[in-house]
Amino acid sequence: MSLDHPDPMTRLRYVVHRLRAPGGCPWDQEQTHETLIPHVLEEAYEVVDAIRSGDSAQICDELGDLLLQPVLHAEIAAGAGTFDLDAVATGLTEKLIRRHPHVFGDASASDSAAVLTQWDAIKRQEKGTQKEGLLHGVGGGLPALMRAQKLQKKAARVGFDWPDTAPVFEKIREEAAELEAALASGKAIEIEEELGDLLFSVVNLARKIGVESEAALAATNEKFVRRFHAVEQAITREGKKLEEATLQEMDAAWEAAKTVRQ
C-alpha cells in the first residue's frame, strides 16, 4: 500500500494506517474504540444534516467523514490483533447474503413488510435471542426517541399495533390527562413517568402516519432556532437587548416570524 495506490479504499486504508503508525499523528495514535464513540455519533448526524440539505457535494463529503470511523476502528482492532477491515467487510457481506434468502436463495418475499419480518426472524436465530424476547437488545445505543419508534415498529410486525390512528389519538389524550393529574399531585417520579408515556404515545402516532419522530423533532428544532433568531433581530432593530424586551414584545416578534416562510 502507498499514497499512489490506484484503488481509493486501499489508499484510504494506507493513510489511516500511516496516521496510527510510529511517527504518525499523535491524536490518531491516542484514539480507542471508546474515545471515538462521540465522533461516530457526530459524523452520523452530520450525514443526516447533509442529506436534508439536498446538497450532493456536502453529502459526499460527510459520508467520507463517516467512512473514516469504521476504517479507523478497524485499524485500531488490527493493531490489537482482534479484527481488520477485511473481516468487517466479509462479515457484512455474509450477513447480507444470509438475510436476503429471497435474493440469494430459494425463499420468497413479496413486499418490504415480508422482507423485514424475514430479516428479524433470521437475525434472532443468528443471535440466539429466541428465548430472550422479541425486543431484546433492540436499539440499545439509540437516542430515546429513535429507540421508541424502533421498538414500536418491531412489536407492530407481529401484530401488536393499533388498527388506525383514531385509538392512537385517544391514547395521547389519555396520557396527557394522566400527566396533568401527576402534575397536580406534585410527585416528581409520577410526573416523569407520565411525561415519558405521553412522549411514547406521540412517537407511536408518528410511526402510524409514516413520519420519523427523530427527524420531525430535529426539523422543528431548526425551525425554532430560525424563528428565535428572527425575534432577536426584531428586538435589536428596536434598540433593545433581548433581556430588556417584555414577553409581549417577544411574542409579537415571534408571531411575525411565523408569517415568514423560512
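One residue stands out among those in segment 83-126 that are of a type outside the set (A, V, I, L, M, F, W, C) and closer than 21 Å to PHE160 by Cβ: the one that is least open to solvent (accessible area, probe 1.4 Å), which is ASP120. In segment 100-123, the count of residues that are part of a helix (DSSP H, G or I), at pLDDT 95 or above and of a type in the set (Asp, Glu) is zero.
Of everything in segment 219-239 that's over 13 Å from ALA257 (Cβ atoms) and among the charged types (D, E, K, R), which residue is surrounded by the most Cβ atoms within 10 Å (Cβ to Cβ)?
Our first condition is that a residue be over 13 Å from ALA257 (Cβ atoms); within segment 219-239, this holds for 219-222, 236, 238-239.
Then keep just the ones that are among the charged types (D, E, K, R); that gives 222, 238.
Numbers: GLU222: 13, GLU238: 10.
Filtering segment 219-239 for residues that are over 13 Å from ALA257 (Cβ atoms) and among the charged types (D, E, K, R), the one surrounded by the most Cβ atoms within 10 Å (Cβ to Cβ) comes out as GLU222.
For ALA182, the conditions (1) farther than 29 Å from GLN118 by Cβ; (2) open to solvent by 30 Å² or more (accessible area, probe 1.4 Å) all hold with the exception of (2). Scanning segment 84-99 for residues being in contact (Cβ under 8 Å) with a residue 12 or more places away in the chain and assigned to a loop (DSSP other than H, G, I, E, B) gives a total of 1. Within segment 203-217, restricting attention to residues that are over 15 Å from PRO143 (Cβ atoms) and not polar (S, T, N, Q), the residue that is most open to solvent (accessible area, probe 1.4 Å) is ILE209. One residue stands out among those in segment 29-48 that are within 20 Å of GLU214 (Cβ to Cβ), over 11 Å from the mean Cα position of the chain (by Cα) and open to solvent by 70 Å² or more (accessible area, probe 1.4 Å): the one that is modelled with the lowest pLDDT, which is PRO38.
The values are calculated or read from the model by the stated rules, or taken from the named source; none is laboratory data. Predicted model only: the values in this text are computed from it and were never measured. Virtual Cβ from ideal backbone geometry, glycine too; neighbours counted across all protein chains shown. Ligands, DNA and RNA are stripped out before the accessible areas are found, and what is left, the full protein with its side chains, is counted by its heavy atoms. Shrake-Rupley method; radii C 1.70, N 1.55, O 1.52, S 1.80 Å.
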